[in-house]
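> Quick one: this structure, given as structure tokens, is what I'll be asking you about.
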Amino acid sequence: MGEIIVNGKTRAWPVAAPLPRLLEEMGLTVKWVLVERNGEPVERVAIGSTTIEPGDRLEIAAPMAGG
Amino acid sequence: MNEFSDPLIIAGRRFRSRLLVGTGKFPSPELMAKAAAASGTEIITVALRRVDAGAAQGNILDHLDPERYLILPNTSGARDAEEAVRLARLAKAGGISDWVKLEVTPHPAHLLPDTVETLKATEILVKEGFVVLPYMQPDPILARQLEEAGAATVMPLGSPIGTNRGIQTRDAILMIIAEASVPVVVDAGLGAPSHAADAMEFGAGAVLVNTAIATAEDPVAMARAFRLGTEAGRMAYLAGTAREKSNAEASSPLTGFLGGQ
């Protein structure tokens, strides 16, 4: 497959690699990001040790201003 | 009486302030942070949204001291229970909070809460150990059901979100207050400090304000005004507000008029 889906958009992801690499590629700091991988929320402490495989579906979110 | 002797207690946690504040619509995060400080609030709501590649660095939470404020993620944008539960779980896993302001508002035109889905999401989240603060229709029967499901507060709307129309649902909220054993937080529609004072005078446990502060010409001054309105209303409630009467009753003596016999 060689691809993942991030926030509904397809992205090249040739081989399994760590989640922090994806965040880095996206230019996001790890501090406040919220990650859901294949429908399951990723615990903050597990972000560093999570591996993203080709075919994964991800939601990357963060707190925003809101009521 | 002082603020320490009359805490707001939600899920066993004590708060001095009875004003909850939202972070939306401020001209800048800096102004939001100043307004939050001026409001005296201890509970601040945030939304959760996707961030895409190249999104601006920095986050709303960088401006809010977690020692000073309880950060309350909301589930705004959720159209049903499933979406709301998903957001709450994401916030908890991400270390934001296991408290959640539950909002299930399927229709963008009025943003009124879906009663059936709100109750369903409350039941699921309470079982998973969340502290659930549901935004709700001002319905005393629903309030009872949410409470039985384990909601930590009930949050009936005064008028639709962002309308600044004040409390259009007074009678129903009074019925909720009469029955509730969890704090009743009037959320949405409070457009002026007098609206907040009104809610507190008639016995609400707290109020939540966002738009009226954020979109004021001077949000920091308005935050302080809401703080004073909320405190004044609470103090009046505790003091025992005087009864309404249909006929005039003089407050000055009715004898000893000049020029009398």
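> In the range B:164-194, what residues are surrounded by 24 or more Cβ atoms within 10 Å (Cβ to Cβ) and closer than 21 Å to B:ALA152 by Cα?
Matches in the range B:164-194: B:ILE173, B:ILE176, B:VAL184, B:VAL185, B:VAL186, B:ASP187, B:ALA188.
> Checking the structure you have, find out if any residue of the range B:90-109 is more than 24 Å from A:LEU28 (Cα to Cα) and within 11 Å of another protein chain (Cβ to nearest Cβ).
yes
> Only one of these conditions is not met by B:ASN74: (1) within 9 Å of chain A (Cβ to nearest Cβ); (2) under 17 Å from the mean Cα position of the chain (by Cα); (3) closer than 16 Å to B:ALA216 by Cβ. Which number is it?
All conditions pass for B:ASN74, except number (3).
> For residues in the range A:23-67 being among the aliphatic types (A, V, I, L, M), at pLDDT below 95 and assigned to a loop (DSSP other than H, G, I, E, B), which is nearest to B:LEU61 (Cα to Cα)?
The extreme case among them is A:VAL33.
> Within the range A:8-22, identify whether any single residue is touching a residue at least 24 places away in the same chain (Cβ under 8 Å), at the interface with another protein chain (Cβ under 9 Å from one of its Cβ atoms) and either among the acidic types (Asp, Glu) or within 30 Å of B:PRO29 (Cβ to Cβ) (or both), and answer yes or no.
Within the range A:8-22 (the criterion being touching a residue at least 24 places away in the same chain (Cβ under 8 Å), at the interface with another protein chain (Cβ under 9 Å from one of its Cβ atoms) and either among the acidic types (Asp, Glu) or within 30 Å of B:PRO29 (Cβ to Cβ) (or both)), the answer is no, since none of the residues qualifies.
> When the range A:32-67 is examined, which residues are found to be exposed (fewer than 14 other Cβ atoms within 10 Å of the Cβ) and facing another protein chain (nearest Cβ under 7 Å)?
None; the set is empty.
> Hand me the list of helices (runs of 4 or more DSSP H) wholly inside the range B:160-261 holding 1 or more residues that are touching a residue at least 24 places away in the same chain (Cβ under 8 Å), in contact with a helix residue (DSSP H, G or I) (Cβ under 9 Å, 6 or more places away or on another chain) and not aliphatic (A, V, I, L, M).
Answer list for the range B:160-261: B:170-179, B:193-201, B:219-239.
> Moving on to the next point. Please specify each residue of the range B:18-60 satisfying the condition of being away from every other protein chain (no Cβ under 11 Å), hydrophobic (A, V, I, L, M, F, W, C), buried (at least 24 other Cβ atoms within 10 Å of the Cβ) and not in a strand (DSSP E or B).
Within the range B:18-60, B:ALA35, B:ALA36 qualify.
> Only one residue in B:ARG144, B:ARG170, B:ARG165 is among the charged types (D, E, K, R) and touching a Gly at 6+ places or on another chain (Cβ under 6 Å). Which one?
Every option except B:ARG165 fails the conditions.
> Of the residues in the range B:86-141, how many are surrounded by fewer than 24 Cβ atoms within 10 Å (Cβ to Cβ) and in a helix (DSSP H, G or I)?
Number satisfying all stated conditions: 16.
The values are calculated or read from the model by the stated rules, or taken from the named source; none is laboratory data. Not measured: the values here are computed from a predicted model. With ideal geometry, Cβ positions are generated from the backbone for all residues, glycine too; neighbour counts draw on all protein chains shown.
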